[in-house]
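S.K.: Please see the structure below; I have some questions.
The values are calculated or read from the model by the stated rules, or taken from the named source; none is laboratory data. Note that the coordinates shown come from a computational prediction; the quantities given were computed from them, not determined experimentally. No Cβ is skipped: glycine too gets one built from the backbone with ideal geometry, and neighbour counts run over all protein chains shown. Heavy atoms of the whole protein, side chains included, go into the accessibility calculation; ligands, DNA and RNA do not. Shrake-Rupley method; radii C 1.70, N 1.55, O 1.52, S 1.80 Å.
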Amino acid sequence: MNNYLEQLNKEQTKAVRHIDGPLMVIAGAGSGKTRVLTYRIIHLLKNKINPYNILALTFTNKAAKEMRRRIENFVGISLANNLWMGTFHSVFARILRFEADKINYPSNFTIYDTEDSKNLVKSIIKDLNLDKETYKVGIIRNRISALKNNFITSETYHKSNDLMQADIISKRTEFGKIYQTYENRCKKSSAMDFDDLLLKTYELLSIHADTLIKYQEKFKYILIDEYQDTNQIQYLIIKKLAALYENICVVGDDAQSIYSFRGANIQNILNFKLDYPDYKTYKLEQNYRSTATIVEAANGLIKKNEKQIRKEVWTHNKQGEKIIVAQTNSDNDEGRLVANTLFDIKMNNDELYKDFTILYRTNAQSRPLEEALRRKNIPYKIYGGLSFYQRKEVKDLLAYFRLTVNPNDDESFKRIVNYPARGIGATTIQKINIVANESNKSLWEVVNSIENYNINLNKGTLNKISNFSLMINDFIIQNNQKNAYDIGEEIANKSGLFHHLYNDKTPEGISRFENMQELLNGLKDFCENNENNNLTNFIQDIALLTDQDNEKDTDFNKVTLMTVHAAKGLEFPYVFVVGLEENLFPSMMSGESQEDMEEERRLFYVAITRAEKRLFLSYANTRFRWGQFIDCRESRFLNELDENLLDKKDFNIQKKYNIYTKTKKQNSTYKNTTQNIFKNRRLKKLSSTNHQNHNQSNEKIVNGVIVKHAKFGKGKILNIEGDGANKKATVFFEGIGQKQLLLKFAKLDIIS
DNA sequence: ACCTCAAACATTTTT
DNA sequence: TGTTTGAGGT
C-alpha cells in the first residue's frame, strides 16, 4: 500500500509531503481536508517517524476515531494505536491525569460537565446570599467560562480594573467573589470543568519547564484540524508545545468558523504567519464533494462576508439539479414536506436512509420533524440535545460511581446523598454545607468524620448519616478489588437505586429503569473489551463523550437529524436545511452586530456545503415557539443566494390564514383567534394521526389477551385505559409482576 | 422530611 | 410546549 500519494491532487500532495517546519493548509469546504490530514500522518509514518511522537488534535472524538481507522488500513494496527489522537479536551485530560501531582490534583479528578458546573454556580450564589435575579446562573457561568478561555483566572481578574469595572456597570459587583469561590470549590472537590482541562494544561506547561520540554520532545509532530475554531487558550498551549521543533501543521477554513461563542478566534489563522515566519501555506480550492450548483451558491453567499481570507472554491463536478426552496404554512407542514420529499427520493432513486440528513439551527426544532418522520415510518437518529449520559437516571447512577472514585466530588454528593430518600433532608445538608465551607472541606470529608464536628443534629439523623458513610466507604473498598461491572451492579443494588426505579411502574419509570440497565450493560462491554477494567477507568472520560461517540450498529442506516454545528466536518448526498426564517436562522440572539451576522452566514455556508447531490431549503410562515404560534418571515440568507440556482416552491396551501396575520398589529383579539384556530387544528391533527399511526395489532390488545414483551416475557392484559397516544395497558408478567406500559412504546406480540 | 400541584419560566450553537 | 420552582398539606 504505497500508492497513497497517487490519490491526491497537486496541492494536496505538496501539503502531504511537507514534513518539516510549520505548515498551514487553508482548505475550502469539500476540498479533501481530512484526506490531507490523514495521508500526511501516513506519510510521516512511512518516513519512519515514531507514532508516539505524533499528536493529532481533532474537533470531535468521532473524527479522531475515523481517522485512526483509515490510517490503520495503511500502516497496521500497532502503529496506528500509538498515535496520540483526539479532541483537545480528551488529550489534555489524559496528560493532566498523568501529571496531576504537579498541579496539586489527584489523578482521579472528576470532570464536571455543564450541568454540574451550573449547579455549583447556583449553590455559590445561594451561599453568598446574592440576589438570583441580578446574578443569573447562566450568565455567571458563561462569564467564568469566557474568562477561562482567555486565560484569565480569578487572580488575574482581580488585577484587572477593566474587567471589574465591566461587572460594576452591570451591577454584578460580587462576580469576582463568585469566580474565586467557584475555583476554590472545584479545587476542594478535586474537580475540573471543561475549561479547566485547557487552563490547567497551560498552567502545567508554564510552571514546570521540565514537563514542557518532556512534551515538546514527545510531540515532535503536531497536527490540528479545524484550526479556525481554536480559542485563545488552545492557541497558547499549541504555541508552547510546538515552540521547540515547529513541526506544526494546521488545517482550517476561515469561512467555516462557527464557534466564536465559545471563544474561537479566527485571528489564530492570521497569527500563524507572525508566529512562524518561515511557514509554508497551501490552499485547497477544488471541491470534490458537491455539484457545481451547490458550490456556486455557497461561493455567492460567503462573498457577502467582509472578513475573510480570499479564495475561490471551484469544482469539476457536474452542474446538478437546482436547489429547492420551499415555503410552507407551519412548522408541522414543513416537517411533513421534508418527510414526504425524503421518502419519495429514497424510493425513486433507491437510496439508503443514511444518505439523508436534516439540519436545523436549534435543537428544539427537531420535534415536528421527528413527528413527521415517525408518521411515515422513516427511521432516524438524533445527535445532540440530551445525550444518554446526561439523562437524569443515568447521571444519578454515575454520581454514585463518581463519588466512589472521588468522594470529594461535592456535586455528585449533593445529587445522591438523599436519593433515593434516606432521611437526610435539605436542612441537614445545609448545616453540613455551612461547616464544610467554614473549614474548607468537602461535604464528604465532613460527613465521613461527622463526630469531629459540632453540628446540631439529632440522634436519628446522625445515625442515617453514619449509615450513608458506611455504604460509601464500602463502595470505595470494593472498588479496589472488583471490575467495573461487578462494583457497578453492587452500587446499583446497595444504593437502593435499582429497587427505587424498579418499583416505579409508570411508563416513564420503566424507561428510566431500562436506561439504568443500559448503563450497566455498557459497564459489561467495557469490562470485556479493556484490560484495565476498573470503574475508575470507566468513568474517566465519560463527561467528554457525546452520542456521536457511542453510536450503535443498529443506528447505521438511519436519517440523521442534528444542528448545523454538529454537522461540521460531515457530508451527505441529500441535505435538508429547515427553519430558514429571520430570528431563527439567523438567530435572534445574533442581534444587529455585523460580526454575529457574519458568523450566522458562515454557519449557513457550512450547512449548504454539507450537500453532495441535492440541497433542500425550507421555511414556514408560522412556527410554534415558547408555547405560542409565532409569525415568521423568510431568512435574509435565502435572498443572498443566486436566484438562477434556485427552484422556489410554495407549499403554503391555506393562504386564507395569512389574511389574519397581516392585520395582527392593529388588533390583538385577531391574534388570539388566529392562535386558537391553529391550536385546534394542531390538536385535531395530532389525535387523528395517532389513530392512523396505531398498528392494527394494538387495537386487538384488550383485557384478558396473553401477550409477549421482549424484556418481560409472557404476560396477561389486566386493564386498558386512555386512547390514542396515551393508551396504557396494565399487564401481569409471569415472575415479574404487574406493569403499566404505553402501547405507543411497548413492543407487545399477541400470543392468544 | 417528603409529596403534590400549580405557577413561573425558558430557548442558540458545544467540548 | 415541557421543565423547574415554590407553597402548602401530610
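S.K.: What pairs come up if the first residue lies in segment A:75-92 and is farther than 21 Å from A:N537 by Cβ and at pLDDT 95 or above, the second is away from DNA strand C (no atom under 16 Å from the Cβ) and open to solvent by 20 Å² or more (accessible area, probe 1.4 Å), and their beta carbons are under 6 Å apart, counting only those six or more places apart or on different chains?
M.R.: none
S.K.: OK, next. Please tell me if A:I302 is of a type outside the set (D, E, K, R) and within 19 Å of A:S618 (Cβ to Cβ).
M.R.: Working: of a type outside the set (D, E, K, R): yes; within 19 Å of A:S618 (Cβ to Cβ): no.
It is false that A:I302 is of a type outside the set (D, E, K, R) and within 19 Å of A:S618 (Cβ to Cβ).
S.K.: To continue, here is another question. Name the pairs: first residue in segment A:618-634 and within 16 Å of DNA strand C (Cβ to nearest atom), second residue open to solvent by 60 Å² or more (accessible area, probe 1.4 Å) and not in a strand (DSSP E or B), Cβ to Cβ under 8 Å, at least 6 apart or on different chains?
M.R.: Every condition considered, the pairs that remain are A:F624/A:R682; A:R625/A:A364; A:F629/A:K679.
Results for (1) in contact with an Asp or Glu (Cβ under 9 Å, 6 or more places away or on another chain); (2) farther than 18 Å from A:D396 by Cα; (3) aromatic (F, W, Y); (4) in contact (Cβ under 8 Å) with a residue 24 or more places away in the chain, shown as yes or no for each residue.
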{"site": "A:I455", "(1), (2), (3), (4)": "no, yes, no, yes"}
{"site": "A:N463", "(1), (2), (3), (4)": "no, yes, no, no"}
{"site": "A:N467", "(1), (2), (3), (4)": "no, yes, no, yes"}
{"site": "A:N483", "(1), (2), (3), (4)": "no, yes, no, yes"}
{"site": "A:G488", "(1), (2), (3), (4)": "no, no, no, yes"}
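S.K.: Turning to a different aspect of this structure: Which pairs turn up if I take residues in segment A:417-445 that are open to solvent by less than 70 Å² (accessible area, probe 1.4 Å) and look for partners that are among the small types (G, A, S) and within 16 Å of DNA strand C (Cβ to nearest atom) with beta carbon separation below 9 Å, at least 6 apart in sequence or on another chain?
M.R.: Pairs that qualify, where the first residue is open to solvent by less than 70 Å² (accessible area, probe 1.4 Å) and the partner is among the small types (G, A, S) and within 16 Å of DNA strand C (Cβ to nearest atom), are A:N418/A:G425; A:N418/A:A426; A:Y419/A:A399; A:N433/A:S123.
S.K.: Report yes if some residue within segment A:571-588 is away from DNA strand B (no atom under 12 Å from the Cβ) and within 17 Å of the chain's Cα centre (by Cα); otherwise report no.
M.R.: no
S.K.: While we're on this one: Starting from segment A:333-362, take each residue that is away from DNA strand B (no atom under 16 Å from the Cβ) and list its partners that are among the hydroxyl-bearing types (S, T, Y) and assigned to a helix (DSSP H, G or I), counting only C-beta distances under 8 angstrom and pairs at least six apart or across chains.
M.R.: If the second residue must be among the hydroxyl-bearing types (S, T, Y) and assigned to a helix (DSSP H, G or I), the pairs left are A:K346/A:Y353.
S.K.: Related question: Would you say A:E528 is part of a helix (DSSP H, G or I), under 20 Å from A:D486 (Cα atoms), touching a residue at least 12 places away in the same chain (Cβ under 8 Å) and open to solvent by 50 Å² or more (accessible area, probe 1.4 Å)?
M.R.: On the way: part of a helix (DSSP H, G or I): yes; under 20 Å from A:D486 (Cα atoms): yes; touching a residue at least 12 places away in the same chain (Cβ under 8 Å): no; open to solvent by 50 Å² or more (accessible area, probe 1.4 Å): yes.
So A:E528 does not fit the description; no.
S.K.: A further question on this structure: Within segment A:549-590, work out how many residues are open to solvent by 30 Å² or more (accessible area, probe 1.4 Å), in a loop (DSSP other than H, G, I, E, B) and either in contact with a Pro (Cβ under 8 Å, 6 or more places away or on another chain) or not acidic (D, E) (or both).
M.R.: Residues in segment A:549-590 being open to solvent by 30 Å² or more (accessible area, probe 1.4 Å), in a loop (DSSP other than H, G, I, E, B) and either in contact with a Pro (Cβ under 8 Å, 6 or more places away or on another chain) or not acidic (D, E) (or both): 7 in total.
S.K.: Here is a follow-up. Being open to solvent by 20 Å² or more (accessible area, probe 1.4 Å) and farther than 19 Å from A:E551 by Cα is the filter here, so list the residues in segment A:372-383 that pass it. Please lay out each step first, then the result.
M.R.: First pass over segment A:372-383, keeping only residues open to solvent by 20 Å² or more (accessible area, probe 1.4 Å): A:374-377, A:379-382.
Residues satisfying the conditions are A:R374, A:R375, A:K376, A:N377.
S.K.: From the list A:L369, A:L398, A:L386, pick out the single residue that is open to solvent by 50 Å² or more (accessible area, probe 1.4 Å) and out of contact with any Phe, Trp or Tyr (no Cβ under 6 Å at 6 or more places or on another chain).
M.R.: Numbers: A:L369 fails: open to solvent by 50 Å² or more (accessible area, probe 1.4 Å); A:L398 fails: open to solvent by 50 Å² or more (accessible area, probe 1.4 Å).
Result: A:L386 is the single residue among A:L369, A:L398, A:L386 that is open to solvent by 50 Å² or more (accessible area, probe 1.4 Å) and out of contact with any Phe, Trp or Tyr (no Cβ under 6 Å at 6 or more places or on another chain).
S.K.: Let me ask something else about it. Out of (1) within 16 Å of DNA strand C (Cβ to nearest atom); (2) in contact with an Asp or Glu (Cβ under 7 Å, 6 or more places away or on another chain), the odd one out for A:V578 is which?
M.R.: Just one mismatch for A:V578, condition (1).
S.K.: Only one of (1) more than 16 Å from DNA strand C (Cβ to nearest atom); (2) within 17 Å of A:S189 (Cβ to Cβ); (3) open to solvent by 10 Å² or more (accessible area, probe 1.4 Å) is not met by A:K414, so which one is it?
M.R.: For A:K414, the failing item is (1).
S.K.: On to the next question. Take segment A:143-192 and flag every residue that is part of a loop (DSSP other than H, G, I, E, B), closer than 30 Å to A:G86 by Cβ and in contact (Cβ under 8 Å) with a residue 12 or more places away in the chain. Let's see the steps before the verdict.
M.R.: Narrowing segment A:143-192 to residues part of a loop (DSSP other than H, G, I, E, B): A:150-153, A:160, A:170-174, A:189-190.
Then drop every residue that is not closer than 30 Å to A:G86 by Cβ, which leaves A:150-153, A:189-190.
Matches in segment A:143-192: A:N150, A:F151, A:T153, A:S189, A:S190.
S.K.: Quick one: in segment A:75-104, which of the residues that are open to solvent by 40 Å² or more (accessible area, probe 1.4 Å), part of a helix (DSSP H, G or I) and more than 14 Å from DNA strand B (Cβ to nearest atom) is farthest from A:T211 (Cα to Cα)?
M.R.: Across segment A:75-104, the extreme among qualifying residues is A:I77.
S.K.: Only residues that are touching a Cys at 6+ places or on another chain (Cβ under 9 Å) and open to solvent by less than 10 Å² (accessible area, probe 1.4 Å): list them for segment A:1-23, please. Even if it seems obvious, please write down each step before you answer.
M.R.: Kept after step one, since they are touching a Cys at 6+ places or on another chain (Cβ under 9 Å), are these residues of segment A:1-23: A:15, A:18, A:22-23.
Across segment A:1-23, the qualifying residues are A:A15, A:P22, A:L23.
S.K.: Suppose we keep only residues that are in contact (Cβ under 8 Å) with a residue 24 or more places away in the chain and not aromatic (F, W, Y) within segment A:469-479. Which one would you say is surrounded by the most Cβ atoms within 10 Å (Cβ to Cβ)?
M.R.: Here is the first cut: in segment A:469-479, the residues in contact (Cβ under 8 Å) with a residue 24 or more places away in the chain are A:471-473, A:475-476, A:479.
The next check asks that each one be not aromatic (F, W, Y); those that pass are A:471-473, A:476, A:479.
On the way: A:M471: 16, A:I472: 23, A:N473: 13, A:I476: 15, A:N479: 21.
Only one residue tops the list, namely A:I472.
S.K.: Among the residues of segment A:118-161, which ones are polar (S, T, N, Q), buried (at least 19 other Cβ atoms within 10 Å of the Cβ) and within 14 Å of A:E183 (Cβ to Cβ)?
M.R.: First, pick out the residues of segment A:118-161 that are polar (S, T, N, Q): A:119, A:123, A:129, A:134, A:142, A:145, A:149-150, A:153-154, A:156, A:160-161.
Of the ones still in play, those that are also buried (at least 19 other Cβ atoms within 10 Å of the Cβ) are A:149, A:154.
A:S154, the sole residue that qualifies.
S.K.: Now, a different point. Restricting to segment A:329-350, name every residue that is surrounded by fewer than 17 Cβ atoms within 10 Å (Cβ to Cβ) and either of a type in the set (K, R) or touching a strand residue (DSSP E or B) at 6+ places or on another chain (Cβ under 7 Å) (or both).
M.R.: none
S.K.: Right, A:R289: basic (K, R) and under 25 Å from the mean Cα position of the chain (by Cα) or not? Steps first, answer last, please.
M.R.: Numbers: basic (K, R): yes; under 25 Å from the mean Cα position of the chain (by Cα): no.
The answer is no for A:R289.
S.K.: From the list A:V325, A:V313, which residue is more than 16 Å from DNA strand C (Cβ to nearest atom), on the phi < 0 side of the Ramachandran plot and out of contact with any Gly (no Cβ under 7 Å at 6 or more places or on another chain)? Give the derivation first.
M.R.: Working: A:V313 fails: out of contact with any Gly (no Cβ under 7 Å at 6 or more places or on another chain).
Being more than 16 Å from DNA strand C (Cβ to nearest atom), on the phi < 0 side of the Ramachandran plot and out of contact with any Gly (no Cβ under 7 Å at 6 or more places or on another chain) holds for just one of A:V325, A:V313, which is A:V325.
S.K.: Still on this structure: Go through (1) within 16 Å of DNA strand B (Cβ to nearest atom); (2) open to solvent by less than 50 Å² (accessible area, probe 1.4 Å) one by one and return the number of the condition A:E66 breaks.
M.R.: (2)
S.K.: Of the residues that sit in segment A:619-658 and are among the hydroxyl-bearing types (S, T, Y) and more than 16 Å from DNA strand B (Cβ to nearest atom), which one is modelled with the highest pLDDT? Write out each step before concluding.
M.R.: Within segment A:619-658, the first condition is being among the hydroxyl-bearing types (S, T, Y), and the residues that meet it are A:619, A:622, A:635, A:657.
With more than 16 Å from DNA strand B (Cβ to nearest atom) added as a condition, the list becomes A:619, A:657.
Working: A:Y619: 94, A:Y657: 31.
Ranking the qualifying residues of segment A:619-658, first place goes to A:Y619.
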